[in-house]
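What follows is a short report on a single structure.
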Amino acid sequence: MTAAPPRVLTVAGSDSGGGAGIQADLKTMLALGVHGMSVITAVTAQNSLGVQGAWELPVEAVRAQYRSVVDDIGVQAVKTGMLASAELVEAVAELLAGTDAPAVVDPVGVSKHGDALLAASALDSVRTKLLPAATVATPNIDEVAQLTGVRVGSEDHLREAAGAMLAYGPKWVLIKGGHLAGDAGREGGNQAVDLLTDGTEEHWLRAPRHDNRHTHGTGCTLASAIAAQLAKGRSVPQAVTAAKDYVTAAIAAGFALGGGIGPVDHGWAFRKPHAAG
């Protein structure tokens, strides 16, 4: 009998188009060799053009899914994504605090298309309840501005943004610079620069910036990849570095789907043309 692989739980919304959310999380986990499990927090009607509708699940349904998985199967890491409301944020934060496993918190505020995925009234709950439960928080610069008021205009602002996020209590924060203007990095416009820090250590992560508009699901994919690597026993810096490598290759292999923004290719390593990436 084959031993079970490491188990990772995603707590997030469903993306009917398959590029982000629960669907992206489970694809990423499969690609990285862990067993993915899910707690669905919301159902969205979503495609390459945007989010046409979203319906959050009751807190009782979210809590029951979580307990069902954790109490029987167990987890080596948990990843959170779209939580929509203050009630859901607070319930999930409480569940995370009672789970002996690293938690990767992707504080999802808006979709790739600019659609709101978190009620404004939930921001304070994210700050005071969810972020303190995070092993790693993975905000992009728009989410940093939403949560802290710090606006990141260049690589020089990433350290200030990290400090503002760490003040809310996560052990580590990864400030994602992928949304910076192409010429914002010190080393030219061809790199995507992220800063990982716990307030003491700093890790500056650089990767080629690919000229590919099909990037739907990058945030979900990165957070899930970090959780998968943590579940394998890697340290936070090791997990984040490996996850960024995976996502960079997935962005390079992203493909057109529908009439708008296509997804990254979660299965790039399975397809021979990209297998060396």
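Between Asn212, Asn47, Asn140, the Gaussian network model of the chain with springs among Cα atoms under 10 angstrom shows the greatest mean-square fluctuation at Asn212. Dimensions of segment 1-93 along the principal axes, based on C-alpha atoms and rounded to the nearest Å, stand at 45, 29, 17, largest first. Taking His214, His157, His35 in turn, the Gaussian network model of the chain (Cα-Cα springs below 10 Å) assigns the largest fluctuation to His157. Over the C-alpha trace of segment 38-166, radius of gyration and Dmax come out as 15.0, 46 angstrom. Using the Cβ-Cβ distance between Ser68 and Glu94 with R0 = 22 Å, the FRET efficiency computed as 1/(1 + (r/R0)^6) comes to roughly 0.85. Taking the helices alone, the chain has a mean residue ellipticity at 222 nm of -9500 deg cm²/dmol, built from -39,500 (n - 2.57) per DSSP H run of at least 4 residues and averaged over all its residues. Longest exposed-loop-site-free stretch of the chain, with GluC sites (Glu not before Pro), DSSP loop and at most 12 other Cβ within 10 Å? My reading of the result: 1-186 is the longest stretch. Using the Cβ-Cβ distance between Leu30 and Gln52 with R0 = 35 Å, the FRET efficiency computed as 1/(1 + (r/R0)^6) comes to roughly 0.80.
Take the Cβ atoms of Asp198 and Glu160, set R0 to 25 Å, and the FRET efficiency comes out at 0.95.
What share of Cα pairs, in percent, lie more than 22 angstrom apart in segment 162-263? Summing the P(r) tail past 22 Å for segment 162-263 gives 33 percent.
Taken about its Cα centre, segment 199-260 carries a charge dipole of about 100 debye when Lys and Arg each add +1 at the Cβ and Asp and Glu each add -1 at the Cβ. Estimated at 0.36 nm per residue, the fully extended path between Asn212 and Ala4 surpasses their Cα-Cα distance by 71.2 nm.
Comparing Val136, Val70, Val34 in a Gaussian network model of the chain (Cα springs below 10 Å), the most mobile by mean-square fluctuation is Val70. Here the gap between Ala61 and Ala167, fully extended at 0.36 nm per residue and compared with their Cα-Cα distance, gives a gain of 35.0 nm.
At most 11 other Cβ atoms within 10 Å plus a DSSP loop assignment makes a site exposed; report the longest stretch of the chain without any exposed trypsin sites (Lys or Arg not before Pro). The longest such stretch corresponds to 1-185. Applying 0.36 nm per residue to the separation of Ser235 and Ser121 and subtracting their alpha-carbon distance, the gain on full extension is 37.6 nm. Bridge orientation summary for the chain: considering DSSP beta bridges with both residues in this region, about 45 percent are antiparallel. Of all DSSP bridge pairs formed entirely within segment 1-154, close to 25 percent run antiparallel.
Every read-out reported here was derived from the displayed coordinates using simple, explicitly stated rules and does not represent laboratory data. Predicted model, so just to flag it, every value in this text is computed and none were measured. Cβ atoms come from the backbone with ideal geometry, glycine included; neighbour counts cover every protein chain shown.
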